[in-house]
1. Scan the range 259-270 for residues that are touching a residue at least 40 places away in the same chain (Cβ under 8 Å) and in contact with a helix residue (DSSP H, G or I) (Cβ under 8 Å, 6 or more places away or on another chain) and report the count.
2. Given the conditions (1) surrounded by 17 or more Cβ atoms within 10 Å (Cβ to Cβ); (2) in contact with a helix residue (DSSP H, G or I) (Cβ under 8 Å, 6 or more places away or on another chain); (3) polar (S, T, N, Q), report the number of the one that THR281 does not fulfil.
3. Which members of the range 47-66 meet the condition of being modelled with pLDDT under 90 and among the hydroxyl-bearing types (Ser, Thr, Tyr)?
4. How many residues are free of Cβ contacts under 8 Å to residues at least 60 places away in the same chain and either in contact with a helix residue (DSSP H, G or I) (Cβ under 7 Å, 6 or more places away or on another chain) or closer than 24 Å to ARG156 by Cα (or both) if we restrict to the range 117-134?
5. Counting only residues that are assigned to a strand (DSSP E or B) and touching a Cys at 6+ places or on another chain (Cβ under 6 Å), how many does the range 210-228 have?
6. In the range 247-258, which residue that is surrounded by 22 or more Cβ atoms within 10 Å (Cβ to Cβ) and of a type in the set (A, V, I, L, M, F, W, C) is farthest from GLY59 (Cα to Cα)?
Amino acid sequence: MTESSAVPHASSLPGFGTTGFARGEAAEQGSLSHRELELLTGAAKLLEGRRLAVLTGAGLSTDSGIPDYRGPNSVPRSPMTYQQFVGDDALRRRYWARNHVGWHHLRRADPNAGHRAIALMEQRALLTGLITQNVDRLHSVAGSTNVVDLHGTYDRVLCLNCRSHFTREEIAALLEALNPGYLDLAGDAGDVAPDADADVDDTAGFVVAPCPVCGGMLKPDFVYFGENVPKDRVERSYGLVNDAGALLVAGSSLAVMSGLRFVRQAKKDGKPVVIINRGTTRGDDLASLKLEVGVSEALTYLARALPSLGAGVAG
């Protein structure tokens, strides 16, 4: 996600994640109003008979108890850049300490009705595939199989020296061995951002784990500000949009170009774009229809309302 302006040095900030995630209240489940049902009926009519590419963001995971990035109730969070992570030992130690605590909380999150609705759409041949900006893997846990994890996933760790990959469980075990009892000392994690950045202040004595293979620097295997989304993921995502008859955006503010570019591509190709998100997005002026509706409720409605498509149906 190279689209970023100058940011303050992270050591001056009260809390930060690695991708600029903001903290906020989890969305509340609720019944759809008459007006919301009218809007969703219109969306279903617009999308009916078209195979969809779906793009999701953090607003989809709020009903799983994971705070939103930039939703209406979110508190702004300044990003840690890739350059800060690799160039500042103190910031890297602070990140790993907070992540060690936050990961133990975030991994307990379960898919919600919205995740399950998208998986059902895939099973009913309604989708060309799914592009997600989230790193929480809840789509895969819910049963979606054709998923592009655009920004990576929080359950993998990469060595920047030898390029070895490790599971987050392996690194968690190393961190616990190097910092016995730290989880108990840290206490309640408080607010936990979508990248597992926990609201923990006492990080000065935390010991960061080196790569088990070469002793090099470990980094969570997702995209930081200052990094590019891997080319193969971008190309695969464009392929899903190109093969689709419409683009459905759910729970993304489209604040960074990594997601907005697919909306622009669909618009350029004359394909309907439906955006479901509470709050303004950067793609609102490109949307055929914008719905200020609860994401999980809306996706559940569409999964039931849209008729299944045969395997031979084109986008």
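1. 3
2. (2)
3. THR62, SER64
4. Number of matching residues: 1.
5. Looking only at that region, the number is 1.
6. LEU247
Residues checked against (1) part of a loop (DSSP other than H, G, I, E, B); (2) surrounded by fewer than 24 Cβ atoms within 10 Å (Cβ to Cβ); (3) in contact with an Asp or Glu (Cβ under 8 Å, 6 or more places away or on another chain):
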{"position": "LEU260", "(1), (2), (3)": "no, yes, no"}
{"position": "ALA266", "(1), (2), (3)": "no, no, no"}
{"position": "ASP285", "(1), (2), (3)": "no, yes, no"}
{"position": "SER296", "(1), (2), (3)": "no, no, yes"}
{"position": "LEU299", "(1), (2), (3)": "no, no, no"}
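Yes/no matrix, rows are residues, columns are (1) more than 27 Å from ALA305 (Cβ to Cβ); (2) modelled with pLDDT under 95; (3) assigned by TED's automatic domain parsing to the domain that holds ARG233; (4) touching a Cys at 6+ places or on another chain (Cβ under 7 Å):
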{"site": "VAL101", "(1), (2), (3), (4)": "yes, yes, no, no"}
{"site": "ALA117", "(1), (2), (3), (4)": "no, no, yes, no"}
{"site": "MET121", "(1), (2), (3), (4)": "no, no, yes, no"}
{"site": "LEU126", "(1), (2), (3), (4)": "no, no, yes, no"}
{"site": "GLY129", "(1), (2), (3), (4)": "no, no, yes, no"}
{"site": "THR132", "(1), (2), (3), (4)": "no, no, yes, no"}
{"site": "LEU160", "(1), (2), (3), (4)": "yes, no, no, no"}
{"site": "ARG163", "(1), (2), (3), (4)": "yes, no, no, no"}
{"site": "THR167", "(1), (2), (3), (4)": "yes, no, no, no"}
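The values are calculated or read from the model by the stated rules, or taken from the named source; none is laboratory data. The shown structure was predicted, so the numbers you read here are calculated from the model rather than taken from an experiment. Heads up, the Cβs are rebuilt from the backbone with ideal geometry, glycines too, and the neighbour counts pull from every protein chain shown.
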